[in-house]
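The values are calculated or read from the model by the stated rules, or taken from the named source; none is laboratory data. Remember, predicted model here, so these are calculated numbers, not experimental data. FYI the Cβ positions are ideal-geometry reconstructions off the backbone, even for glycines, and counts take in every protein chain you see.
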Amino acid sequence: MKDLSINPFESAMKQLEKAAAVLELGIKNKEVRTTLRQKLEILRHPQRILNVSIPVVMDNGSIRIFHGYRVQHNNARGPYKGGIRYHHNVSMDEVKALAFWMAMKCAVADLPLGGGKGGIIVDPKTLSEKELERLSRGYVIAIEDCIGPDKDVPAPDVNTTGQIMGWMVDEYIGMKNKELGITNKKEREKLKSTFTGKLIKDGGSEGREEATGKGGLFVLLATLAKLNKQSTISNKQFTVAVQGFGNVGYNVAKFLDEAGFKVVAVSDSKGGIYVKEGLNPVKTLECKKKTGQLIGCYCSAKGCDGKNGKPITNDELLELPVDIIVPSALENVLTGANAAKIKAKVVLEMANGPTTPQADAIFFKKGIIVIPDILANSGGVTVSCFEWEQNLKGEHWTKDDVNAKLKKKMYTATDAIWNASKTYKTDLRTSAFVVALKRILLAFK
């Protein structure tokens, strides 16, 4: 499970320092090196941090105050971009780390966007739908003057949905109408681009809900093809364990299954299941919705049978003897404490920050390939960028167009990071940060 004792922002800064050291090695000119260090020092600090209190009228008439954040890390390449998460363990350091990683992720995918992130300390499962809507609208009221199509473009993250983005964009447009008296339909449509990950009816993009999972598949296929050429991994039916069975985890499991991978284990916050012959993600989700839990949903291609599998913990899932593990939930689940027990040959990071620097070092020594989060899960922000672009232009692209553009972006990004890893003789995470840093520093004024 997630290790709450590890400071995610400190981990992010260690990743930055490692990549910075690689960059500095190739610079002999003293003045150029000094300029580089100055710019890197700026990147170590968010440009703006918002700490907000959100009063919400509860269904029983009482007032409850929720605390939230919005961190705007860097906008050298374009408007801040990043999701909003609702979770009881949200912290300032977590949001700062996620905002920094978003800046890196947008640069890795070569998007004209910077990095930001938001969060509210709340367990959304304890709220009614009306309370959730009032909280979401209240958050927009609190940060309205700091967001906009050309300023900061939020999106969904952990425990937030297209519906929540719909409430938020509706509140934002309503506030702007009162403030500016906007009646022009074109201008109203442009304001929709302030939030991405919306439902189609609210101006969302085709393919956005599954974009992170599909992007992860493209990145994995591109990486495995390169590893196969190097003869470091055989071309066979790979076994996979996916930690996290929310939107990202479910979709990546479904796409991997459809692509011929054997998904043998999945999990959620309550625990996981292991089906040795391979489970069917679609049937497993249907079973979970009916029963309210994963345990007992041992659904293979043949059907669901309580005798086909067994329950496992989230920790056990990560340590299964599979070819690929896919952490798709929260950060800090692969640490110095469990890294030596990992048997997989490849880690596909679909969550943000699931691997600590200590675990990274152990994996590198063991020869485990880690496909870093800022590459692996960048499909979501890539299609968010497409949605932003469609709203700004008043367009609506087909799903086939979106997926074709996404595939091209993911393969191009993987090529750039793979080539950098060979040039700098380093791991994929460090090479991804090097690629991102070079692009961001080039955009500095």
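Of everything in segment 354-376, what is under 27 Å from G82 (Cα atoms) and not in a loop (DSSP other than H, G, I, E, B)? Give them in sequence order.
Result: T355, P357, Q358, A359, D360, I369, V370, I371, D373, I374, L375, A376.
State whether one or more residues within segment 73-80 are modelled with pLDDT of 95 or more and more than 30 Å from G166 (Cβ to Cβ).
Among the residues of segment 73-80, at least one is modelled with pLDDT of 95 or more and more than 30 Å from G166 (Cβ to Cβ), which makes the answer yes.
Go through D157, D145, D150, D170 for me and flag whichever is under 21 Å from the mean Cα position of the chain (by Cα) and either in contact (Cβ under 8 Å) with a residue 60 or more places away in the chain or surrounded by fewer than 23 Cβ atoms within 10 Å (Cβ to Cβ) (or both).
D157
Between a first residue in segment 102-124 that is under 14 Å from D373 (Cβ atoms) and at pLDDT 95 or above and a second residue that is in a strand (DSSP E or B) and of a type in the set (A, V, I, L, M, F, W, C), which pairs have beta carbons less than 7 Å apart while being 6 or more apart in sequence or on different chains?
K117/V71
Please state which one of A329, A344, A351, A340 is among the hydrophobic types (A, V, I, L, M, F, W, C) and not in a loop (DSSP other than H, G, I, E, B). Walk me through how you get there before you give the answer.
Numbers: A329 fails: not in a loop (DSSP other than H, G, I, E, B); A344 fails: not in a loop (DSSP other than H, G, I, E, B); A351 fails: not in a loop (DSSP other than H, G, I, E, B).
The unique qualifying residue is A340.
Which residue pairs have Cβ atoms closer than 9 Å, lie 6 or more positions apart in sequence or on different chains, and pair a first residue in segment 45-62 that is assigned by TED's automatic domain parsing to the domain that holds S136 and closer than 13 Å to L127 by Cα with a second residue that is of a type outside the set (V, I, T) and exposed (fewer than 14 other Cβ atoms within 10 Å of the Cβ)?
Once the first residue is assigned by TED's automatic domain parsing to the domain that holds S136 and closer than 13 Å to L127 by Cα and sits in segment 45-62, its partners that are of a type outside the set (V, I, T) and exposed (fewer than 14 other Cβ atoms within 10 Å of the Cβ) give M58/S128; D59/S128; D59/K130.
With the condition kept exactly as written, say whether any residue in segment 387-400 is in contact with a strand residue (DSSP E or B) (Cβ under 7 Å, 6 or more places away or on another chain), buried (at least 22 other Cβ atoms within 10 Å of the Cβ) and either among the hydrophobic types (A, V, I, L, M, F, W, C) or not assigned by TED's automatic domain parsing to the domain that holds P8 (or both).
Within segment 387-400, one or more residues are in contact with a strand residue (DSSP E or B) (Cβ under 7 Å, 6 or more places away or on another chain), buried (at least 22 other Cβ atoms within 10 Å of the Cβ) and either among the hydrophobic types (A, V, I, L, M, F, W, C) or not assigned by TED's automatic domain parsing to the domain that holds P8 (or both).
Looking only at residues in segment 250-294 that are under 25 Å from V347 (Cβ atoms) and β-branched (V, I, T), which one is surrounded by the fewest Cβ atoms within 10 Å (Cβ to Cβ)?
Selected residue: V282.
Looking at segment 273-296, which of its residues are under 30 Å from N89 (Cα atoms), outside any helix (DSSP H, G or I) and modelled with pLDDT of 95 or more? Full working, then the answer.
Just the residues of segment 273-296 that are under 30 Å from N89 (Cα atoms), to begin with: 273-274, 281-282, 284-296.
From the residues that got through so far, the ones that are outside any helix (DSSP H, G or I) too are 273-274, 292-296.
Correct list: I273, Y274.
Take R33 and tell me if it is within 19 Å of V169 (Cα to Cα) and either out of contact with any helix residue (DSSP H, G or I) (no Cβ under 7 Å at 6 or more places or on another chain) or at pLDDT below 95 (or both). Spell out how you get there, then give the answer.
Working: within 19 Å of V169 (Cα to Cα): no; either out of contact with any helix residue (DSSP H, G or I) (no Cβ under 7 Å at 6 or more places or on another chain) or at pLDDT below 95 (or both): yes.
No; evaluated as a whole, the condition is false for this residue.
Restricted to segment 410-433, and to residues that are part of a helix (DSSP H, G or I) and among the basic types (K, R), which residue is surrounded by the most Cβ atoms within 10 Å (Cβ to Cβ)?
Per the criteria, the residue is R429.
The conditions are (1) under 14 Å from the mean Cα position of the chain (by Cα); (2) over 30 Å from K405 (Cβ atoms); (3) hydrophobic (A, V, I, L, M, F, W, C), and I84 fails exactly one of them. Which is it?
(2)
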